[in-house]
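What follows is one structure encoded as structure tokens, with my remarks underneath.
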Amino acid sequence: MNWSEIKKELKREEGWKGTAYQDSLGFWTIGYGFLVDSRKGDRLPMAVAETWLESKIQEKVDALDAGLPWWRKQPDEVQNALLNMAYQLGVEGLKGFHTTLARLQAGDREGAANSALQSKWAKQTPERAKRVTDQIRGKT
């Protein structure tokens, strides 16, 4: 078997779709025909999910570097909190936290955490918001 040739052939046959779609039989699929529909007993393999997670983390790090370059000067737990928020909300969504970000830049971690807890985000995902703001406060 020629690995390179079969890979090229399957890419051609399956095609690439970066978003989930329903195949010709109505089953949820993504990528190069990767069936992820539980009705057919399939799922996203953990190894793929781990690779995907690492890729998404790097994507968010790059976006934070471009959009909020000062974030790298923050303590590790604040960087982790900002990355967590960027992962969930996108960097553009995170940039909407004007008061929180301004307080972090000023070194007011307590004020930043309190500000974040007043957001729609905190109301929608209260447990996550508590964990993230505890990180901002340095209480992890």
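Taken together, the values in this text are just the output of simple stated rules run on the coordinates, not laboratory data. Every value quoted in this text rests on a predicted model; they were computed, and no experiment measured them. Cβ placement follows ideal geometry from the backbone for every residue including glycine, while neighbour counts extend to all protein chains displayed.
Which whole-Hz couplings ³J(HN,Hα) result when phi for each residue of segment 106-115 is put into the Karplus expression 6.51 cos²θ - 1.76 cosθ + 1.60, θ = phi - 60°, listed in order with x for Gly and Pro?
These are the phi-based 3J(HN,Hα) values: 7, x, 8, 5, 5, x, 5, 5, 4, 4 Hz.
Do the alpha carbons of any pairs in Lys73/Lys123; Lys17/Lys123; Lys11/Lys60; Lys17/Lys40; Lys73/Lys95 sit beyond 23 Å of each other, and which pairs?
Over 23 Å apart, Cα to Cα: Lys73/Lys123; Lys17/Lys123; Lys11/Lys60.
Size of the dipole of the chain about the Cα centre, Lys and Arg at +1 and Asp and Glu at -1 on the beta carbon, nothing else charged, in debye to 20?
460 debye
Read phi for every residue in segment 116-129 and hand back ³J(HN,Hα) as whole Hz from Karplus 6.51 cos²θ - 1.76 cosθ + 1.60, θ = phi - 60°, with x for Gly and Pro.
4, 6, 8, 8, 4, 3, 5, 6, 6, 10, x, 5, 5, 4
Once you've got the GNM for the chain with C-alpha springs shorter than 10 Å, pick whichever of Ala116, Ala81, Ala102 has the biggest mean-square fluctuation.
Ala102
Just one of [x] 23, 19, 17; [y] 28, 19, 16; [z] 39, 17, 13 is semi-axes √(5λ) of the Cα gyration tensor in Å as worked out from the coordinates here. Which one is it?
[z]
Using +1 at the Cβ of each Lys and Arg and -1 at the Cβ of each Asp and Glu in the chain, identify which of Pro45, Val132, Val61 lies farthest towards the dipole's positive end.
Val132
Could you tell me the relative contact order of segment 13-140? Use alpha-carbon pairs under 8 Å, at least six residues apart, and round to a whole percent.
14 percent
Estimate the FRET efficiency between Asp23 and Glu127 by the formula 1/(1 + (r/R0)^6), using the beta-carbon distance for r and 35 Å for R0, to the nearest 0.05.
Working from the Cβ atoms, E equals 0.45.
Using alpha carbon centroids, what distance separates segment 69-130 and segment 7-40, in Å?
Using only Cα atoms to place each centre, the spacing works out to 36 Å.
Suppose R0 equals 30 Å; then what is the FRET efficiency for Asn114 and Arg72 from their Cβ-Cβ distance, rounded to the nearest 0.05?
0.80
Taking 0.36 nm per residue of separation and subtracting the Cα-Cα distance, what length does fully extending Glu54 through Leu89 add?
10.9 nm
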